[in-house]
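Below is one structure, written out as structure tokens, with a few remarks after it.
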Amino acid sequence: MNRRVSLPPWVGRLLACLGGSVVLAMMVGKQQGSKDDYGLAFREAVLNPRIFYFLLVGVLVFLGITYQDVVRRYAGRPGVRPLLAGVLILLASYFLMKWYDPLGDGKLATFGAAVTSTPAVAPVARIFFGWLWWVGLLVTAAATAAAIVWRLRWLAWASAAVSVLVGAIAVAAHSLAVSFAGGIDHSFGAQTALIGNLVLAGAGVVAAMSRVETARTREFVERVMAFRPGLPLVAMGVVLGVLALVAATWFDPGGKNLTLVDTQHLFAGSALSGVASAYLAWLGYAVFAVVVVLAATAVWTAQKTLGYVAAGGAVVAILVTLATLHDISATATKAGYPGSAGEWQNLGTGGWVLCIALFSAGAGGLIAARRAPVIAPEPALARGSGALGRLHQVGTSTTLLSLTLFGVGLALFYPPTATAFWQQALVTDIGVYVLLAIGLNVVIGWAGLLDLGYIAFYALGSYTTAYFTGSLPVQPPIHLSPLWAIPVAIAVCLIAGVVLGGPTLRLRGDYLAIVTLGFGEIIRIIAVNNPGDFTNGPRGVARAVPHPVIDLGFIRFEWGGSQLQYWYLLLVLLALVFLLFWRLEGSRLGRAWAAVREDEVAAQATGVNTTRVKLLAFAIGASTSGLAGVFFASQVGYFNPQNFILNNSILVVAFVVFGGMGSLTGAIAGAAVLTWLPDFLRDQVPSEDRIMWIGAVLIVMMIFRPAGLIPARRRKAELTGLAGHDPSVDQDLRAVPAGEGV
Amino acid sequence: MSHAVPSSEGRGATESRKRLLDVVDLEVRYGAITAIKGISFHVDEGEIVALLGANGAGKTTTQKTVSGMLRPAAGSITFDGHRIDGIPPHELINLGVCHVPEGRHVFPRMTVEENLQMGGFRFRTPDQDLLTEVLDMFPRLKERFTQQAGTLSGGEQQMLAIGRALMGKPRLLLLDEPSMGLAPLIVEQIFQIVRGINANGVSVLLVEQNARQALTLADRGYVLETGELVLAGSGRELLADDRIRAAYLGEELAG
């Protein structure tokens, strides 16, 4: 008899953890080898000191799994999550982010080595870059952890104080070293280190002050957000605004970073308009102060009128700021300041950040004015009004609204400060796919129909635009500008959606997926095969699709000058589609979709015309895709059938699932994150590995957060219990079967 | 639903009742298979009528055809004087025919409240008074008002499915095996509720395997066997019928 030798289970576990860390270490490391480098790359990767860090992490994971009972007992305590977050932020700051741009890779290790080897640098900087950064991290993290485990309040307080100190020293040391070395530095390493240390300090404070056994982060956040609706936004506005006014660059001709005060000196006595001069001298501070005070008062006293006044004031202040920014750049260019590159150029981050701050404060005022509904503790029955009207509101607190509004502020005013590469990425990768994901969310998330050929409608929209702008070999009866092609493309996709959906929507699940998949490929192959010399085959369109033009006679604007213009066009389209869909979700049709997705038989029994409703979802999704196609065609100019491969359809499905099926904000977030990630990873990991990392992110996400980034209310409830009412029932509800998915 | 339906005179006055549903020579096919082979039956206003039969006898097929989910191959279905065969369910519900499908079919991820509101989907604005009325009829649903329907017990889900159908203000309620998979005590409750609904003037066409209880409840009953009607009569008559007792009630025939 052969008897198998059985090892104790922990051996396998340990080997798995260590093996995993070796693999990870090699994934992260440089991989310059080739198949005939005689294993050099492997050797480099393995002998790199990095591998020991990873092995250490592997051992920690092993210990965590082996003693998971103990770990679990402490992992739920208040302060653990902020502790982890702080450590991660600090690690990112120390090992990923740049600390000084002019020097080599600019990371902390490089910069720190240079600083410590220069005796003339201020001692604080030498101490920080010498040892304090890592000693500080180790000591504060360990002390906070110990304070959490043994409930030592004094230690928690002390550790929090040390964290704040280390954070302050980091910023001071960085600015001392940079002022010693000179040069232009746009790095965020030191600021990130400050944030990380503040989060660590927060962990200490939470550990010191909290008296509960298990942390209820969500409840805590909700309580903070509900304390005064809009207050967090106003606070954010204050912080950002002060930073912008005091520290940030407002004008950077020829590499000089001028703050607001410097800019005022520079433009003293120039041809700057009265408002702009006043803005630089005092008006800027004044409007900011007025908006912030108004918003804060509105938020604190929950005054409706005051809230609207604050929001209006913020709009005015933003307009004044933008006018000033334009005036600065235009005047400087006209006067021929060295390094000035034209209108809207050379404007550092200051003005734009102040706009974000003003927007944030104004949004806070608006929330205070609207008094967005907060989770009501009493049962729904007690609230008198029609229950269906509230479908949207139940479980909606101001948290998501605040985040969304802040995101809008960022979307409006962040892109001008981004590099050309990121502006391009924002428009071509992120923006278009966000639009596609919103559309597909209607089909998959709301109506529950798995559509794997979604990109076909995108192709139809693109080719329709190309046809009507005369960019295909076959000329149209009438030439249209791309903007006029929008309704035509929407109509074409609507019809295509109905034609495809009519006969196929009686299929369900897998069958529908296969049919749509086939449809997607058919459209692409038709485009390749070039029937009747219509599509110009695999070479793509014959002539560039023109840029959109608005021509009202007295005013004419043509897109194409920069990616930013397309970004704002895209924002307008996104906003329109978002508002439309947001209304749809709560409408009668939205309920019908929900019913069909939940149970088609029951939907039929309650009087829903299931065929019509499904067809509508299909057609609406298709026309959104067509709209995205119009935008894409006129933005890139040239495109070919390769842009519409199956892979793209699958990507959009992944975005929707990743973001949270059935959640509008989730679809946006999912598409944004997953399209941003490859561009972000470009600088961080070897390019061949990028897709693998994205796959890893997807897998981790689906294991730990299957409902998506921002789950739809229904799915969230399904996975975590009822709209956050009684935490004690959560455990029972987890046992409820998850349903059939899509 | 007293305000939805002109109140009938209650149980017992069989002769004076108006014919509500009239099914004549109904034939239903699944492809080449004829599932229903020309049956005729009727439901009068205010009546509870039970369709009985073993598995595969065609009870559910009959009911699905009445509710518009299946199209008849031949024969006619008349509701309140209108031909309704071939009318899809979402239009039929506007005439007041509400169907509680077999196997409960609640919307699992909607709350009890939303499920009930979906029942009133055919009305543009939901009727709050009707909601209160339904909740009074099902106190359990009131307790679970904000809970997801998928988390309810089987009996509660069945109550919810019935309550949801009531939100559509039915004149004729089609109940498909409401006792399926439920504990005897719960079945008893459900049948009590059906009796209550009927007392409010709603006619009920009940499909059941649980013959004894169905017949105790029903004014009249029909027995289906492989797509054909083999027996018809009042509930009491059928309960006393030897063949029924042997086939469905599992009783030994005396002598």
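Nothing in this text is a laboratory measurement; each read-out follows from the coordinates by a stated rule. Everything quoted here is computed from the prediction, not taken from an experiment. Cβ: placed from backbone, ideal geometry, glycine included. Neighbour counts: every protein chain shown.
In table form, for the structure just shown:
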read-out	value
Relative contact order, percent, chain A [alpha-carbon distance under 8 Å, six or more residues apart]	11 percent
Dipole axis of chain B (+1 Lys, Arg; -1 Asp, Glu on Cβ), positive-most option in B:132, B:112, B:194	B:112
With at most 14 other Cβ atoms within 10 Å, longest stretch of chain A clear of loop GluC sites (Glu not before Pro) (DSSP)	A:214-739
Long-range amide H partners of residue B:48 with built H, under 5 Å	B:204, B:219, B:220
Label-to-label distance, nm, for residues given as residue A:495 and residue A:552 (7 Å Cα→Cβ offset)	3.2 nm
Rounded to whole Hz, the Karplus (6.51, -1.76, 1.60) HN-Hα couplings of region B:235-247, x for glycine and proline	x, 5, 4, 5, 4, 8, 6, 4, 5, 4, 4, 6, 7
Within region A:423-646: Cβ-based charge dipole about Cα centre, in debye rounded to nearest 20 (Lys, Arg +1; Asp, Glu -1)	260 debye
Distance from region A:543-594 to region A:138-182 (C-alpha centre basis), Å	47 Å
Amide H within-cut-off set for residue B:231, under 5 Å, with H built and near neighbours excluded	B:223
Given charges at Cβ of Lys, Arg, Asp, Glu: chain A dipole, positive-most of A:59, A:115, A:691	A:59
Nitroxide proxy distance, nm - points 7 Å out along Cα→Cβ at residue B:76 and residue B:91	1.7 nm
Relative intensity, log₁₀ I(q)/I(0), of the protein assembly as shown from a Debye sum that treats every alpha carbon as a point, q = 0.08, 0.09, 0.10 Å⁻¹	-0.99, -1.17, -1.34
Assigned charges on the beta-carbon of Lys, Arg, Asp, Glu; chain B dipole about Cα centre (debye)	480 debye
Zone of residue A:400's modelled label, taken as backbone nitrogen in region A:639-666 under 14 Å from a point 7 Å along Cα→Cβ	A:659-666
Region A:576-718: C-alpha gyration tensor shape, a/c 1.5 cut-off, then a/b vs b/c	oblate
Cα centroid separation, region A:647-706 to region A:405-441 (Å)	15 Å
Length gained when the stretch residue A:479-residue A:270 is fully extended (0.36 nm per residue, less Cα-Cα span)	70.4 nm
Förster radius 30 Å - calculated FRET efficiency between residue A:638 and residue A:257 (Cβ-Cβ, nearest 0.05)	0.15
FRET efficiency, residue B:30 to residue A:335 (Cβ-Cβ, R0 60 Å, nearest 0.05)	0.10
Ascending count of other beta-carbon atoms within 10 Å, so fewest first, for A:613, A:653, A:408, A:443	A:408, A:653, A:613, A:443
Least to most buried among A:63, A:483 (fewest other Cβ within 10 Å first)	A:63, A:483
Estimated vicinal HN-Hα couplings, Hz - region A:527-535 in sequence order (Karplus 6.51, -1.76, 1.60; Gly, Pro = x)	4, 5, 6, 6, x, x, 6, 8, 8
Euclidean distance of C-alpha centroids, region A:209-288 and region A:54-93, integer Å	35 Å
Dipole magnitude of chain A, debye to nearest 20 (Cβ charges: Lys/Arg +1, Asp/Glu -1, about Cα centre)	1640 debye
Theoretical gain in end-to-end length, residue A:188 to residue A:345 [0.36 nm per residue, Cα-Cα removed]	54.3 nm
Cβ-Cβ FRET estimate between residue A:138 and residue A:60, R0 fixed at 22 Å, reported to 0.05	0.95
Dipole-positive endmost among B:147, A:99, A:236 within the protein assembly as shown (Cβ charges, Cα centre)	A:99
Per-residue average of Cβ from other chains inside 10 Å of B:140-152	4
Order of A:493, A:355 under a 10 Å beta carbon neighbour criterion, fewest first	A:355, A:493
